[in-house]
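Below is one structure; the comments refer to it alone.
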Amino acid sequence: MRTHGMTKAAALCAALVFAALAGTASAAPEKASSPPRAAAQPGSERVLVDCSWKARVRPTDFVLACGDGNSRLTSLRWSHWGAHSAVAEGRSLVNDCDPYCAAGTFHSYPVVVRLERPERWSRHPDLRHYARMTLTYPEGGPEHLARVVTYPLWS
């Protein structure tokens, strides 16, 4: 009988996640082909591509864990946004998923964000997107992460 209850709970969680995703996807349709305003010269604009495949310039927030939102950057203040790199300071919010993610607690850590390796974006060849992100936790970060972590970014 306990297994049946667990199966029902798992099915309910899956249904809630599906409903949330479906509601989010249909709530506000976006134009898929509208990049940010073009820069003076084609190929000179640098963007950060988010989970919804939107090009963003100097975003104040950014979701790292697109599937569940359990890791995100907030309160980003950009001190540099250039041809080869971009730098910001902000907060990293990470869910400890203890005992599991839905019941976990978000913890906030100071973070320095560095974007690098601009490449042509296949969806909008006139734009270049940053292809690598490095997070530095100056005061220490989540226990499962090193002080400096580098991620490849999607395109």
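Rule-based calculations on the coordinates, nothing more; no lab input. The shown structure was predicted, so the numbers you read here are calculated from the model rather than taken from an experiment. Glycine also receives a Cβ, built like all others from the backbone with ideal geometry; neighbour counts cover every protein chain displayed.
Out of 122, 71, 75, 108, which single residue is in contact (Cβ under 8 Å) with a residue 12 or more places away in the chain, closer than 25 Å to residue 45 by Cβ, out of contact with any Gly (no Cβ under 7 Å at 6 or more places or on another chain) and polar (S, T, N, Q)?
The match here is 122.
Any residue that is outside any strand (DSSP E or B), touching a residue at least 40 places away in the same chain (Cβ under 8 Å) and under 21 Å from residue 48 (Cα atoms) - is there at least one of those in segment 90-103? No: segment 90-103 contains no residue that is outside any strand (DSSP E or B), touching a residue at least 40 places away in the same chain (Cβ under 8 Å) and under 21 Å from residue 48 (Cα atoms).
Summed over segment 52-73, residues that are part of a strand (DSSP E or B) and under 18 Å from residue 150 (Cα atoms) total 5.
When the residues of segment 104-133 are filtered to those that are of a type in the set (Gly, Ala, Ser) and in a loop (DSSP other than H, G, I, E, B), the one that is farthest from residue 155 (Cα to Cα) is 104. Examine segment 134-151 for a residue that is outside any loop (DSSP other than H, G, I, E, B), out of contact with any helix residue (DSSP H, G or I) (no Cβ under 7 Å at 6 or more places or on another chain) and charged (D, E, K, R), and state whether such a residue exists. No, segment 134-151 has no match at all. Determine whether residue 154 is aromatic (Phe, Trp, Tyr) and exposed (fewer than 12 other Cβ atoms within 10 Å of the Cβ). So residue 154 passes the test.
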